[in-house]
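What follows is calculated from the coordinates using simple rules that are stated; it is not laboratory data. As the structure is a prediction and not an experimental result, all values here were calculated from the model. Ideal geometry is used to build each Cβ from the backbone, glycine not excepted, and the neighbour counts take in all protein chains shown.
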Amino acid sequence: MADGDTEDRSHEGASYRDDTARALDVTATLSDASLVVASNRERCYSSETAPEWLDVVVRTDKGRNYARNRAIEEAENEWIIVADDDITFPTRLAAHLVDSMHEFQVVGLEDFWPMRWTLTRFMIFHRSLWERVGGFDENREHGGDTDFAIRAEKAGAEVHRLPRRIVPHHDTESDFDTGTHLEWLFYLFKRHPKQVAVPALKLALAKVNVISPSKIEYDASWTGDVFSLSDTDDAPLEH
């Protein structure tokens, strides 16, 4: 090649990405993963859309965090995928994440402004990390995901967020009224004052209409897509 000439290698990157995607054996990768779901509804979309070969534990105990802990105890495998009961399970995404994670990472859907942690709508971690931080706080019905992620961070783990829209979400309704939100913030502040003080203040002021998030911080159009399964469609979907 003459001096100054450059070789176009862009095709090599594309080829590498294609080969990597083809090389991932989703079934083998998730053979050491379990999906755990706390559910209080008649239809559990997460388990319905998971592949039949995946270890799935659904618990209906009173208290979501109690149910999550019991489900993890019951789960057969070391990688834990926590999901709410109102998502379409992203099989291939879960496999790529488990394949690329190490045992001191938590990966999940991004929390809502101004919180910077992750949601149990879809969250992955290793059982050893769950054991290290003591599981989810069973005294809480709501907010256990934020508390768990902060405790994992305190234990030295990395917390990585995914865009919420990457996982189809069925239920957009929330039973988090202003009073419940403020009580939850007080709970988090008591346990993690250093981490929660600033975001808690922002959220508390937003709830009483003193401030509002800027578009850069949180845009309402970023909410998760709502996906509805047909009542007659009982087969797991390809993702």
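Note on residue 182 and residue 102: their simple-model spin labels are 4.4 nm apart, each label 7 Å out from Cα toward Cβ. Scoring 115-126, 182-193, 45-56 by mean Cβ neighbours within 10 Å over their residues and listing the highest first yields 115-126, 45-56, 182-193. For the pair residue 198 and residue 77, label points projected 7 Å from Cα toward Cβ lie 3.8 nm apart.
The mean sequence separation of alpha-carbon pairs under 8 Å and at least six residues apart, normalised by the residue count of the range 86-159, gives a relative contact order of 30 percent. Put a dot 7 Å past each Cα toward the Cβ at residue 138 and residue 208; how far apart are the dots in nm? Reported label-point gap for residue 208 and residue 138 is 3.6 nm.
Backbone amide hydrogens, once placed in the peptide plane, bring residue 109 within less than 5 Å of 119, 122, 162, excluding anything fewer than 5 places away on its chain. A Förster radius of 35 Å, combined with the Cβ-Cβ distance separating residue 25 from residue 191, puts the computed FRET efficiency at roughly 0.30.
Taking a ≥ b ≥ c as the square roots of the Cα gyration tensor eigenvalues, the range 27-144 comes out rounded, since a/c falls below 1.5. If the segment from residue 92 to residue 112 were pulled out straight at 0.36 nm per residue, it would be longer than the present Cα-Cα gap by 4.7 nm.
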